[in-house]
Every structure is written in C-alpha cells, then in structure tokens.
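First up is the structure itself, then whatever we jot down about it.
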Amino acid sequence: MNDRFLEGRAALVTGSTSGIGLAIARALAACGARVAINGLGDAAQIDAAVGAVRDAGAADVRHFDADLRDPARIAAMMRDAQAWSPIDVLVNNAGIQHTAAVADMPAERWDAILAINLSAAFHTMQALLPGMAARGFGRVVNVASVHGLVASVQKAPYVASKFGLVGMSKVAALEYASSGSRDSGGVTVNCICPGWVETPLIEPQIEARRNGGSRDDGVRALLSEKQPSLRMSLPDDIAALATWLCRREAHNMTGAAIPVDGGWTAQ
Ligand code: NAD
C-alpha cells in the first residue's frame, strides 16, 4: 500500500522521537512526504529519529524543537514549520501518562497531561486548518486512545484529555467538512484510539503488574484486564492506519474515533 502518494506534501508529527509517533513519521516518509518531527530527547535520540525518518524515504526531514507544555513554544514551532513548508498532514501524537487515584493525583501532573495531550492539539490545529482549507487538502490525525472512549481507574487527567481530544476533533471535522472536493481530497479530522501498544509509555504499567515475575508476566496481566485479543499492537500497526487516513480516497472519513483495541471497547 506504500506507494509514494504523499510526494509533494509535508507532514508534522508531534512526539515523533519515540514510539507511535516515530512509526507514523517513518510511514509517512515511506509514502514520499517531507516530514517535520518534534519531541523530547537528547541529541543522540533526536539524531537517531531524524536518521530513521530519512532512511524510511522522506523527501526531507527536520526536527522542530518545542516543549508542548508551552503555548509560546508551540506558536514558534508552527511559524518555523510553516516557513519550512505548508503543512498538509498534522499528526497530534505527543502524549504522557501518570497513574494515580484522583485523590492522590499531583495537580502539576493534571496540568502537564492536559497541556500536552489536549491543549497542544488545539494550538496546532488552529494554526494549520485554515491553510489546509485554502488549499483544498488537509489531514489531521489525532492519536487519542481507547481512553478517549471509555474510562479506567487512576487515569483521570489522561482520560479527560483523550475524551477532550475526541470531542475537539469532531468539532473541527464538522467545521471543515465541506472544504475542498472529492478530487482534491478535502480536509478531514479523525482520531485513532489504540488499546495497548508496545512503546515506552506503558512500561511502568507493565512493571506494576509483574509481581516478582518476568516482563512477559506483566504484559499478560495487563492484557488480560481489558484487551480480549491478548495481543499488543505494534507502533507500525497504528502507523498503517494513520497513513491510510491521509489518502485521497479517505476524503469522506471525518469526525471518526477509530478503535484499534483488540475488542476492548466491544465489551
Ligand atoms: P512514547 O512515550 O514512546 O512517545 C511519546 C512522545 O511524546 C515522545 O516523542 C516524547 O518525546 C513526546 N513528548 C512527551 N512530552 C512532550 C512534550 N512536553 N513536548 C513535546 N513532546 C513530548 O509514547 P507512545 O506510546 O508512542 O505514545 C504516543 C501517543 O499514543 C500518546 O498520545 C499516547 O497517549 C497514545 N497512546 C499510546 C498507547 C500505548 O499503549 N502505548 C495507547 C493508546 C494511546
């Protein structure tokens, strides 16, 4: 499926120095896009991510440095990225997690999770959607979570941020639904809602379930709580869907929140 259908287009993927974001950046690169990556990490990690995206086939790749907790840094990144290229594909992927009961959740963690997982997506979409509409083509792919559809204990800020992301995406989908045409591809806004995906983000939750056993024991315990397939997704599995959403023929798929959760939300 990876023909070079994104040649001549540019994509910005937030949080793409690791995990799902890096897989999406590589997949878009393989389709011929110029790719702007963003995310935290030391120089070696950022260089490795840039190299991986270049090796995947990107027409061009650049790292845009912004801590997404800071709206001023986001605004500067959006100015710099658009000076580099008009952005046709925006993937809001950056996200963090912290598990604790509501009564024990540090207020600072609430603020950071809402800022990165939700408010940053508002700022990037606000900056890019008008240009996408003017050009008749645009894709916003927001990496939400199964926790944008159902709740779990000890995840109040994460669940609030992901439900918010799903809701905001539906509003933007409606506002831009009639932009462009079937031929130009239109402007769509969708969420992907993964269950468990094999990335560093969930390691603390695997660790918490080992009970003195192996990492595999922790993984099995985690999956058996909620994910009926008993299989984790790979970042590349999520990237394949994100890439498909960018195709012209996905022009009428908008406002959707698509579970990739092994049956979690079918229960
Ligand atoms: P990850 O920890 O591997 O990657 C997170 C990325 O976000 C990294 O590049 C990191 O540098 C970046 N980031 C974190 N804080 C940032 C900040 N302040 N400013 C800029 N960038 C920042 O995690 P992942 O699992 O790949 O998560 C990616 C997305 O997928 C998140 O939104 C997460 O909520 C979502 N998700 C993950 C899973 C899962 O099981 N792994 C399931 C559902 C949804």
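The values are calculated or read from the model by the stated rules, or taken from the named source; none is laboratory data. Only a predicted model underlies this, so the values are computations on that prediction, with no experimental measurement involved. All Cβ positions, glycine included, derive from the backbone under ideal geometry; neighbour counts span all protein chains shown. What goes into the accessible areas is simple: the full protein's heavy atoms, side chains included, and nothing from ligands, DNA or RNA. Shrake-Rupley method; radii C 1.70, N 1.55, O 1.52, S 1.80 Å.
List of remarks:
- Taking every residue in the range 171-200 that is among the polar types (S, T, N, Q) and pairing it with any residue that is modelled with pLDDT of 95 or more and open to solvent by 60 Å² or more (accessible area, probe 1.4 Å), at least 6 positions away or on another chain, the pairs with Cβ-Cβ distances below 7 Å are T188/M253; N190/M253.
- Just one residue in the set L241, L201, L230 is open to solvent by 60 Å² or more (accessible area, probe 1.4 Å) and either under 30 Å from M132 (Cα atoms) or assigned to a loop (DSSP other than H, G, I, E, B) (or both); that residue is L230.
- Restricting attention to the range 145-170 and to residues that are more than 18 Å from the chain's Cα centre (by Cα) and not in a loop (DSSP other than H, G, I, E, B), the residue that is farthest from the ligand (Cβ to nearest atom) turns out to be A156.
- Consider the range 30-67 and keep the residues that are hydrophobic (A, V, I, L, M, F, W, C) and within 11 Å of the ligand (Cβ to nearest atom). The one that is surrounded by the most Cβ atoms within 10 Å (Cβ to Cβ) is I37.
- Boolean, I116 is farther than 19 Å from V166 by Cα, modelled with pLDDT of 95 or more and either open to solvent by 20 Å² or more (accessible area, probe 1.4 Å) or within 14 Å of the ligand (Cβ to nearest atom) (or both): no
- In summary, D183 fulfils each of the numbered conditions (1) in the same structural domain as I238 (by TED's automatic domain parsing); (2) more than 15 Å from the ligand (Cβ to nearest atom); (3) open to solvent by less than 80 Å² (accessible area, probe 1.4 Å) with the single exception of condition (3).
- One residue stands out in the range 92-108 among those that are away from the ligand (no atom under 12 Å from the Cβ) and touching a residue at least 24 places away in the same chain (Cβ under 8 Å): the one that is nearest to Y158 (Cα to Cα), namely T99.
- Residues satisfying the stated conditions in the range 4-40, i.e. within 13 Å of the chain's Cα centre (by Cα) and not in a helix (DSSP H, G or I): A11, L12, V13, T14, G15, S16, T17, S18, I37, N38, G39
- Residues of the range 14-58 satisfying the condition of being under 20 Å from V197 (Cα atoms) and either among the basic types (K, R) or not assigned by TED's automatic domain parsing to the domain that holds V141 (or both): R26
- Pairing each residue of the range 228-253 that is at pLDDT 95 or above and of a type in the set (D, E) with any residue that is open to solvent by less than 60 Å² (accessible area, probe 1.4 Å) and in a loop (DSSP other than H, G, I, E, B), provided the two are 6+ apart or on different chains, yields C-beta distances under 9 Å for E249/G185.
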